[in-house]
Each structure stands twice: as C-alpha cells, then as structure tokens.
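Right, one structure below, let's go through it.
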Amino acid sequence: VQSKIRELSGTVQIQSEVGRGTRMAIKVPLTLAILPTLLVEIDGDVYALPLVRVVEVLSHDPRRTMWIDGQRVLDLREQPTPVLDLRAWLDVPPSASDTATGVVLQAGEQRFVLVVDRVRGREEVVIKALPRTLRGLRGYAGASLIGDGRMALILDVDALHETGVRTRRSVANG
C-alpha cells in the first residue's frame, strides 16, 4: 500500500502506541479526489455517477422492457440487460412523464441499465465525505457540490447493482 501511495505522490504516516492502538494517516494530492461524473436527475435532485462506469446513455421506453426470471430487462443489442429504476431504488413515486433516460453502467463484469428522469451532463466534482445522516447507507459513495451550488450525492455503482438488481431478483424468486 505504501509504495502505491508514494507512486501517487502521497504519504503514509503510522503512529503506534502500546496499549492504545495504531493510527494511520494517508494523504494523497487533491487531484485524486476529483472525479469525472455524469450528472443525472430524479425529481429535480441531482446525483453523480462515476464516468468511468458509464458505458452509454440511451433513450428509455418502458414499453421495451420485459420480465425474465423476475427481473426487468432490456434487450440491448440482443443482450438481456437488467434494468434498475433509480426512482424505485430511492423510493420516489413514479413520474407522470413518459420520457426517461437509460444509463448503461458497468458493475464488475455485469452491465445494467439505470433509469433516470434526465441526464444533465458531465462534470468533474470534488469528492466530499457523506453527510452524517447518510454514512453507512449502501449505494452512496460520497457527496459533492456541483456547478450550480447544490449538493449531489455520488452513487456507488456496485452497490446499486447489488442492492437493486440482485436483491430484487432473489426476492422475486424467493
């Protein structure tokens, strides 16, 4: 770990006291805390997705989705791809609008489509710690102030996939 941190021009400090424990401090340059993101909206609230996990953005027509093995899927170029509605994941009531956008995300070896109200565009954000009320909740990786001065929560793509796609599938089968 120490050699990798040094490669990034960072430092590792270790302080140890017998009977009291060990404290480790890792410092990395601020540029490592800047994350290129895709900003999306749900009900006017803004969320950030790590751009490195975004495969593509597409227009989403809910009539094109189907159910396979208890999971909503979209036939994406002859590949059945699980669909996760961010509104449902956030427990926000369904939108009256017929328009939605699908963001194809990569979670490990798996891809899934995250349905959002709209995409606002790309923005580099500085990662901040989560507010105390959200710490420990799965699906959130951090927070950031965006260009218009509002706070955007940075979503954890792997946790979205695990809690939104796999859990729903296992509940439907279970």
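The values are calculated or read from the model by the stated rules, or taken from the named source; none is laboratory data. Bear in mind that the values here come from a model prediction, so they are computed numbers and not experimental data. Cβ coordinates were reconstructed from backbone atoms using ideal geometry, including for glycine residues, and neighbour counts include every protein chain displayed. Quick note on the areas: whole protein, heavy atoms, side chains included, nothing else; ligands and nucleic acids left out. Shrake-Rupley method; radii C 1.70, N 1.55, O 1.52, S 1.80 Å.
A few comments on the model shown:
- Annotation: per residue accessible area for the chain equals 63 Å², rounded to a whole number [probe 1.4 Å, protein chains only].
- Top of 14, 127, 42 by mean-square fluctuation, Gaussian network on the chain, Cα under 10 Å: 14
- Neighbour-limited loop hits for GluC sites (Glu not before Pro), the stretch 1-80 (at most 15 other Cβ within 10 Å; DSSP other than H, G, I, E, B): 78
- Rounded FRET efficiency, nearest 0.05, which uses the C-beta distance separating residue 25 from residue 4 and R0 of 22 Å: 0.90
- Within the stretch 94-145, the GluC sites (Glu not before Pro) that combine a DSSP coil assignment with at most 11 other C-beta atoms in a 10 angstrom radius are 109.
- Cβ-defined net charge surrounding residue 42, 14 Å radius [Lys, Arg +1; Asp, Glu -1]: -2
- Considering only trypsin sites (Lys or Arg not before Pro) in DSSP loops that have at most 14 other Cβ atoms within 10 Å, the longest stretch of the chain without any of them is 78-134.
- The string of couplings for the stretch 97-107 from the Karplus curve (6.51, -1.76, 1.60, θ = phi - 60°) is 6, 8, 8, 8, 10, x, 10, 7, 10, 9, 10 Hz, one whole number per residue in order, with x for Gly and Pro.
- Accessible area of the stretch 1-109 belonging to carbon and sulfur atoms, whole % at 1.4 Å probe: 52 percent
- Both the radius of gyration and Dmax for the chain are 19.0, 64 Å, in that order, over alpha-carbon atoms.
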